[in-house]
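Following: one structure in structure tokens, then a few remarks.
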Amino acid sequence: MAQETVATGNSGSAPMVDARDVHKYFHQNEVLRGVSMRVQRGEVVCVIGPSGSGKTTFLRCINHLEKITKGNIYVDGQPVGYRETEDGRVVEDTEKNIAAMRAQIGMVFQRFNLFPHLTALQNIMEAPIQVKGANRAEAEERAKSLLAKVGLEHKADAYPARLSGGQQQRVAIARALAMDPKLMLFDEATSALDPELVGEVLKVMRQLAEEGMTMVVVTHEMGFAREVADRVIFMDGGVIVEEGKPEQIFSAPQQERTQNFLRKVL
Amino acid sequence: MGSNPVVKFFESILTLNGSYHWGAVWQFLFRTEVLQGVLLTLIMAVLAQLVGSLIGLALYFVRRSRLRVLRGIGQAYVWFFRGTPLLVQIVFLYNFLPIIHVARPLIHTNLFQHLGFVDATPLDAFIAAFIALSFNEGAYMAEIVRAGIDSIDPGQMEAARSLGMTSWQGMRCIVLPQALRVIVPPLGNEFNSMLKSTSLASTIGVFELLEVANAFAFTGNVLEALTAAAIWYLTLTTVWSFIQASIERKLNASNIDPSQLGQGPWLGRVFGNIFVRTRPAGAPVTDVALPVPLDHR
């Protein structure tokens, strides 16, 4: 493991995400059974599949919120969460290194996870100040422009409890963007929203995709996947069953499991 | 008072048949010794609560340690200090300190005399009481801190981590400020308790409020002195309850439905916000439970 890393330490040419034969056990339960995939720079990949298929777990492995049991994940050419010691053993990386790696990967959660004791503006400013050491005035300036970007400049001083679900999720996206990530992970970002609030969040995500952000999107929004994704991955039972261009997956799925799933959700 | 028999009857009750002098209570209340006793009680309570709270916080991490030995030590600490009487701990420590030659020289250090205390507390007694109160408080605070931190949605720490914070940064900037809201109300009760528990230090000769009052036994008016002490304890705990309520209101600022602010009955605003609707600590923020903003788009 990790031999290639030493060789490809230069970023730039490496794919943004390179997962190789990723396995993940929760106790005896194998939820990922050898997942391999690559995401190129600027690519938008949507991961679809029934619940329990391992798609969320896989997403969480990409920024090491879950530890993988076997396999390798590289982000921008760097191994995620693990490093090789001088005598060749593979051990979990130091917390500092893991944190530094996560600082470059934005994540948006299904349940928003905004910090309820901070205003919308403060939610966005907190990480740049604490992690990057940005000064307060700069961070505030940037936070304001990000709030404007997601259409919430008028909610800067509102606490999360005073925002609708859609507004909270847009603040959460702005919060992730404040760290200038090179990769964004979306974990069912619209699943906890009332139907009429889904659109405003998808609009922001679509805008990000158009700006060239590299995105891995776990979603149940087939319309979004069809229109925005460069590639769609269908997962079931902890493996990638099928992947391809959205038109191919949605119009002419090759695998029976994909066909069954799409028949149920479309 | 006149010769009205009814007035006389109540007068005899209030003065224990002439042996109790309310005027003496008034005099005791503001005697230098008593005021200094109040001061010492306050100093001891504040210091012990502070150190005890820090011990409680430290115990949270000790009991969450990856090392089984550390977890065991943390557990044993809480078990011991919650399982033995505070009075025993104070007396034990007072007799134990000289044995390990920590406080022996301190007996001859007249710190409190130098500071101008009329009733000079031996420094070793003060230190023994302070340590015992702190350690004992630490065990109780450990439980309170644990309940507070554990009540915070794990998603908060995950969000902090996903933004590149270390777990310490996440704890300090995200989890602890939220946990404080849960911790402060029981912490307030602990401090109320602490103000009164300091009276146990009278048994080892610390001239806090109770011991100062006791020392007036020679005047033959000890009951009046004790009444003055009781009035001071009541004053301290009452003032604290006001301070506590104000702290809780500030911590809850982001949680309170603004339309409810300042509308509760006066007593409600002072005693613990019980009339102000807040989201229960740790409850997930959901669309359903939220007031729908008028201008969401």
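Wholly within the stretch B:21-121, which helices (runs of 4 or more DSSP H) include no fewer than the required count, namely at least 2 residues that are within 19 Å of residue B:136 (Cβ to Cβ)?
The helices (runs of 4 or more DSSP H) meeting that bar are B:32-63, B:68-83, B:86-96.
Being touching a residue at least 40 places away in the same chain (Cβ under 8 Å), surrounded by 15 or more Cβ atoms within 10 Å (Cβ to Cβ) and within 11 Å of chain B (Cβ to nearest Cβ) is the requirement here; does residue A:185 meet it?
yes
Every residue in the stretch A:102-126 that is facing another protein chain (nearest Cβ under 7 Å) and farther than 28 Å from residue A:67 by Cα, please.
Across the stretch A:102-126, the qualifying residue is only A:117.
So, in the stretch A:127-153, how many residues would count as being in contact (Cβ under 8 Å) with a residue 12 or more places away in the chain and either buried (at least 22 other Cβ atoms within 10 Å of the Cβ) or in a helix (DSSP H, G or I) (or both)?
Number of matching residues: 14.
Got at least one residue in the stretch B:156-174 being surrounded by fewer than 22 Cβ atoms within 10 Å (Cβ to Cβ), assigned to a loop (DSSP other than H, G, I, E, B), within 14 Å of chain A (Cβ to nearest Cβ) and modelled with pLDDT of 95 or more?
The answer is yes; a qualifying residue exists.
Could you list, in sequence order, all residues of the stretch B:211-232 that are crowded, with 17+ Cβ neighbours inside 10 Å and either small (Gly, Ala, Ser) or without any contact (Cβ under 8 Å) to a residue 60 or more places away in the chain (or both)?
B:213, B:215, B:225, B:226, B:228, B:229
Please go through the stretch B:59-85 and pick out each residue that is free of Cβ contacts under 8 Å to residues at least 40 places away in the same chain and buried (at least 16 other Cβ atoms within 10 Å of the Cβ).
B:62
Is it the case that residue A:92 is surrounded by fewer than 18 Cβ atoms within 10 Å (Cβ to Cβ), within 14 Å of chain B (Cβ to nearest Cβ) and modelled with pLDDT under 95?
Yes; evaluated as a whole, the condition is true for this residue.
When the residues of the stretch A:189-201 are narrowed to those that are surrounded by fewer than 20 Cβ atoms within 10 Å (Cβ to Cβ) and among the charged types (D, E, K, R), which ends up nearest to the other protein chains (Cβ to nearest Cβ)?
A:194
Among the listed residues B:147, B:125, B:142, B:132, which satisfies the condition of being in contact (Cβ under 8 Å) with a residue 12 or more places away in the chain, more than 14 Å from every other protein chain (Cβ to nearest Cβ), of a type in the set (A, V, I, L, M, F, W, C) and surrounded by fewer than 19 Cβ atoms within 10 Å (Cβ to Cβ)?
So the residue among B:147, B:125, B:142, B:132 that is in contact (Cβ under 8 Å) with a residue 12 or more places away in the chain, more than 14 Å from every other protein chain (Cβ to nearest Cβ), of a type in the set (A, V, I, L, M, F, W, C) and surrounded by fewer than 19 Cβ atoms within 10 Å (Cβ to Cβ) is B:147.
So residue B:182 clears everything in (1) surrounded by 21 or more Cβ atoms within 10 Å (Cβ to Cβ); (2) under 26 Å from residue B:26 (Cβ atoms) except one condition, right? Which one?
(2)
The values are calculated or read from the model by the stated rules, or taken from the named source; none is laboratory data. Just so it is clear, the structure is predicted and the values come from calculations on it, not from any experiment. Neighbour counts run over all protein chains shown; Cβ positions are idealised from the backbone, glycine included.
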